[in-house]
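First up is the structure itself, then whatever we jot down about it.
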Amino acid sequence: MAGGAAPVSGALLCALFWVVAEAAGAGPGGSPAPGAFGRVYRGAVNISAERVYAFAYSREPGQVDAVRVYVNSSSENLQYPVLFVVRQQKGVLSWQVPLIFRGLYQRTYNYQEVSRTLCPSEPAPETGPSDQIIFVDVASMAPFNITYELLVTRLENFQLETNKAFNFTASPSQPQYFLYKFPQDVDSVIIKVVSDVVYPCSVVSVQDIVCPVYDLDHNVEFNGVYQSMTKQAAITVQRKDFPGEQFFVVFVIKPEDYACGGSVPSSIHGNVNRTWNLQRTKNLQVTIVPSIKKSVYVQAMFFSFLSFLSFYLGSVVVAFVHYIRVWRKASAGRLSPEDGSGIMTSSHPITASTPEGSSYGAIDESSSSGGRQLSSPEHRPPAGSDTDSSVEEESDFDTMPEIESDKNVIRTKVFLYLSDLSRKDRRIVSKKYKIYFWNIITIAVFYALPVIQLVITYQTVVNVTGNQDICYYNFLCAHPLGVLSAFNNILSNVGHMLLGFLFLLIVLRRDILHRRAMEMKDIYTLDYGIPKHFGLFYAMGIALMMEGVLSACYHVCPNYSNFQFDTSFMYMIAGLCMLKLYQTRHPDINASAYSAYASFAVVICLAVLGVVFGKNDMWFWVIFSMIHVLASLALSTQIYYMGRFKIDGPDSDLGIFRRVAMVLYTDCIQQCSRPMYMDRMVLLIVGNLVNWSFAIFGLVYRPRDFASYILGIFICNLLLYLAFYIIMKVK
């Protein structure tokens, strides 16, 4: 009986409509006319004549039916549009034809063909079929007839299925939306949308089962979660966010492409600000797949922490093995004084002579002023004393005391030794390098706190407004957790913090061992090997940890404007590594902490200016390239002359230019065939060529990602200097 009730009810309902129409004087003046699904109705309306159509259908229990209304009018009269009003059981939907969309600079886009999906009513709990009625009113205030077409159909594929692709077409005046219900065993799904073409720009929105459904360009942002789309889009939806365990997926085509990074169509430039029936149809494919389960989150976090903690375990094992090795040597009476810190393993001083052509860094008992022969321990002054305990045997310069202390004489020798560049009191130099550590902690605190506050605000805005265009995630790989939209991207930065902390522990251990050796007045620790200053190492460890913190902050809500959060400490890490390599064999002339961090601040300021002006402004790239080239030349000059190049000519203004001309003549013309410092010259020529290539590349191509461009400059210079350092060590 239930199966045969639907035709009987529909027939009785149609008969009832005809009776009412006859009793009221049926005609085009407002009487409802019965309509049939799938049939095209043509007519004309004016100020005194309107049409009303009634569409009746039966719905099975628990079934969600969707109805789509297609209308068309040939009229281009914007003063007297045709008005369509659809009345349902719990809502009213209305629009006009021509349908008007507004773009930038008061441009309008008019469409004469419109189709809308009516908001489906919720399935009723009754046991039998229920009758539904839809009224479509067609009217116009025009004093003349305006023709129209009307078509009402029932959608067969309104509900999307899991793991099943569905293809459809949409346009600005013909948006689409579909229903999805969560399966019983699925708590989170990913909506994947793809298209073969980039434009027209489209918007994908996820909205709750509430009428009306916002499916037009000017109101799609009023409800739910949405993001713009070119060729791909993905939105992760969780069951807990929808009490009814179902939602609508809405697809809207934008009338212009600027929201997706496109430009305004050339056909509407100039004085023309009105466009009719612009063809902006887009073929889309939507697939809804289950997301990862909670157990996967737990496994990923456990595996990540276990992987990085294995480095801690390995460090403990290495330290324990080293301790056993030292203990065994001590028991056998063969322990060298510095074996505990892993620097020196021999039990006697190095006595090998230095070849004539060697550069600085060699250890020789009979070198220049720094090549000192050790006195016996009983005649040695206390550690840290300013008294020179060496005996001068050979020297490249006069041994007069005033000449001995003249930096210009020492640092401009043809053959430099490490001891020539490590003449200052080690306690003063160590304190100088500890400033790096304390300064970077201060910088990190003052830099990180506003960043954390800002990204929390960003994430709150995303969660409240639903605008996912604020943050540029890789939505196909983003897995939310709690209030975080991409927890996995944040988790990936744990390694920076854990390994940075491990690096600090290793440096602390070496520092403690070195201090113990100094307290024992170990002659090998104090006078042999590379000077040991740990301030830069501590600063590098803090920088690595802060890179993890700020990178995690950036990935809370990544976008183009806050990309500097992810790169700021990358610049500092690269700069500190270069400073550490240089400080290893130039401890007395390395840059101070204040100069170094001021330089990093200038770089970050340039990065901010590049984000703002670096996209299209040619003047910015000209100025930046000039600064880059001049800075490379200035730094090269300081490195080549070991910080002793000064323009200090006579008091007259022309004295400066005479000094520059003299230096260029003596060093570049007279000695062009054989520079005084060949190794440094080769390094600086290669380095300048690389940096000038970067400057020319930026000036010609003007890359949009300016922050990554500067980071590339830092990394290339770091790798270049590291390669030079290794080559010189081997040589």
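The values are calculated or read from the model by the stated rules, or taken from the named source; none is laboratory data. What you see is a predicted model, and the numbers here were worked out from it, not measured in a lab. Cβ placement follows ideal geometry from the backbone for every residue including glycine, while neighbour counts extend to all protein chains displayed. Only protein heavy atoms, including side chains, enter the accessible area calculation; ligands, DNA and RNA are left aside. Shrake-Rupley method; radii C 1.70, N 1.55, O 1.52, S 1.80 Å.
For LYS729 and MET626, compute 0.36 nm times the residue count separating them, minus their Cα-Cα distance, and round to one decimal in nm. Show your work: numbers first, answer last.
Working: separation 103, 0.36 × 103 = 37.08 nm, distance 3.38 nm.
Here the segment from LYS729 to MET626 would lengthen by 33.7 nm.
Using the eigenvalues of the Cα gyration tensor, what equivalent ellipsoid semi-axes result for segment 28-156 when each is taken as the square root of five times the eigenvalue, whole Å, largest first?
On the way: eigenvalues 170, 65, 25 Å².
Each semi-axis is √(5λ); the values are 29, 18, 11 Å.
Rg/Rh for segment 426-613 to two decimals, with Rh computed the Kirkwood way over all alpha-carbon pairs.
Working: Rg = 19.8 Å, Rh = 18.4 Å.
The Rg/Rh ratio comes out at 1.08.
Calculate the tail of P(r) for segment 467-511: the fraction of all Cα-Cα distances greater than 13 Å, expressed in %. Let's see the in-between values first.
Numbers: 646 of 990 pairs.
Result: 65 percent of Cα pairs exceed 13 Å.
Does segment 496-599 classify as rounded, prolate or oblate by the C-alpha gyration tensor (a ≥ b ≥ c root eigenvalues; a/c under 1.5 gives rounded; else a/b over b/c gives prolate, otherwise oblate)? List each step's numbers first, then the result.
Numbers: a/c = 4.21, a/b = 1.94, b/c = 2.17.
Oblate shape, in that a/c is at least 1.5 and b/c is the bigger or equal ratio.
Just the accessible area per residue of segment 426-613, please: how many Å² with a 1.4 Å probe? Please list the in-between numbers first.
Numbers: 8070 Å² over 188 residues.
Normalised by residue count, the accessible surface of segment 426-613 is 43 Å².
So which chymotrypsin sites (Phe, Trp or Tyr not before Pro) in segment 434-498 end up in coil per DSSP with only 13 or fewer other C-beta atoms within 10 Å? All intermediate terms of the calculation are to be shown ahead of the outcome.
Numbers: sites: TYR436, PHE437, TRP438, PHE446, TYR447, TYR458, TYR472, TYR473, PHE475, PHE487; in loops: TYR472, TYR473, PHE475.
Filter output for segment 434-498: TYR472.
Here are some pairs, LYS181/LYS282; LYS164/LYS282; LYS434/LYS615; LYS240/LYS615; LYS164/LYS615; LYS90/LYS181; which of them have Cα atoms lying more than 31 Å apart in this structure?
Details: LYS181/LYS282 25 Å; LYS164/LYS282 20 Å; LYS434/LYS615 40 Å; LYS240/LYS615 42 Å; LYS164/LYS615 41 Å; LYS90/LYS181 22 Å.
In this structure, LYS434/LYS615; LYS240/LYS615; LYS164/LYS615 lie more than 31 Å apart at Cα.
Over segment 28-156, what percent of the accessible surface lies on carbon and sulfur atoms, probe 1.4 Å? If you can, show how the numbers build up before the last one.
Numbers: 3010 of 6070 Å².
About 50 percent, which is the carbon plus sulfur part of the accessible surface.
Once phi is turned into ³J(HN,Hα) by the Karplus curve 6.51 cos²θ - 1.76 cosθ + 1.60 with θ = phi - 60°, what whole-Hz value does each residue of segment 299-305 show in order, with x for glycine and proline?
Ordered by residue, 3J(HN,Hα) equals 5, 5, 5, 5, 5, 4, 5 Hz.
What does the accessible area per residue of segment 98-181 come to in Å², with a 1.4 Å probe and no ligands, DNA or RNA counted?
On the way: 3760 Å² over 84 residues.
Spelled out: the 1.4 Å probe surface of segment 98-181, per residue, equals 45 Å².
By the gyration tensor of its Cα atoms, with a ≥ b ≥ c the square roots of the eigenvalues, what is the shape of segment 185-297: rounded for a/c under 1.5, prolate for a/b over b/c, or oblate? Walk me through the intermediate numbers first.
Details: a/c = 3.14, a/b = 2.01, b/c = 1.56.
Verdict is prolate for segment 185-297.
Scale the Cα Rg of segment 444-521 by the rule-of-thumb value 2.2 N^0.38 Å and send over the ratio, two decimals.
On the way: Rg = 20.2 Å, N = 78, 2.2 N^0.38 = 11.5 Å.
Rounded to two decimals, the normalised Rg is 1.75.
So what's the net charge close to LEU160: Lys and Arg +1, Asp and Glu -1, counting the other residues with Cβ under 15 Å from its Cβ?
Details: positive: LYS164, LYS181, LYS192; negative: GLU156, GLU161, GLU245.
The answer is 0.
So who's got an amide H within less than 5 Å of the one on GLY103, skipping anything under 5 residues away but keeping other chains? H placed 1.01 Å off N, in plane.
THR108, TYR109
Within segment 144-243, list the trypsin sites (Lys or Arg not before Pro) lying in a DSSP loop whose Cβ has at most 14 other Cβ atoms in a 10 Å radius.
On the way: sites: ARG154, LYS164, LYS181, LYS192, LYS231, ARG239, LYS240; in loops: LYS164, LYS231.
Within segment 144-243, the qualifying trypsin sites (Lys or Arg not before Pro) (loop, at most 14 other Cβ atoms within 10 Å) are LYS164, LYS231.
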